[in-house]
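A quick write-up on the structure given underneath.
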Amino acid sequence: MRELKQETQTVEQATTLSTMAMDGEKSGANGLGTANSKLHRSTAYCDGLIDILSAYFDVSGRAIRSPRRQSLAVARVRQIGMYIANVVLGINMTTIGQGFGRNKSTVIHACHLIEDMRDDEEFDQIIARLEAIVHAAFKFSLAEDNLGDKQ
């Protein structure tokens with residue numbers, strides 16, 4: 001129980017930092033808040049999601065963001081993030097690729113792979129829990145940005 005409480009606190013801290021960064025980006029230096037609009041905010045959501053993944057799985061955010069090949073464990077966390085960005089956040093695959101420093105075909109592969117892996121009950125529970133965390137973390141921003149509708 002203490003582990004779950006610590007995990008939740010760590011994820012909440014990462015979410016707070018990410019949300020603060022996104023709020024700053026929305027206000028924008030030009031005061032319009034729509035300069036790079038949806039694309040810029042979507043990649044910011046990917047960045048916030050990477051922070052949550054890093055805290056949840058205890059994997060370096062730098063490793064997840066790295067354009068270089070990483071260990072299978074890091075690659076799997078990145079694939080889970082790409083899947084969740086598409087399924088929960090409703091971000092299109094091209095934009096997810098930009099947010100994770102990968103191309104669209106890599107995102108498509110990741111989404112198919114994670115979907116297939118969800119046949120394993122234990123893995124599915126992990127993904128379902130993470131989906132709930134991400135949805136809770138971004139629900140107000142998503143409603144405000146209307147990103148829940150896939151592009």
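The values are calculated or read from the model by the stated rules, or taken from the named source; none is laboratory data. Since the structure is predicted, the reported quantities are computational estimates derived from the model, not experimental observations. Neighbour counts are summed over all protein chains in view; Cβ atoms, including those assigned to glycine, are modelled from backbone coordinates with ideal geometry.
Can you pull out the residues in the stretch 75-102 that are surrounded by fewer than 17 Cβ atoms within 10 Å (Cβ to Cβ) and more than 17 Å from Ala44 (Cα to Cα)?
Result: Ala75, single match.
For (1) over 14 Å from the mean Cα position of the chain (by Cα); (2) modelled with pLDDT under 95; (3) of a type in the set (D, E, K, R), each residue gets a yes or a no:
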site: Ala55; (1), (2), (3): no, no, no
site: Ala63; (1), (2), (3): yes, no, no
site: Arg68; (1), (2), (3): yes, yes, yes
site: Asn86; (1), (2), (3): no, no, no
site: Ile108; (1), (2), (3): yes, no, no
site: Asp120; (1), (2), (3): yes, no, yes
site: Ala137; (1), (2), (3): no, yes, no
site: Gly148; (1), (2), (3): no, yes, no
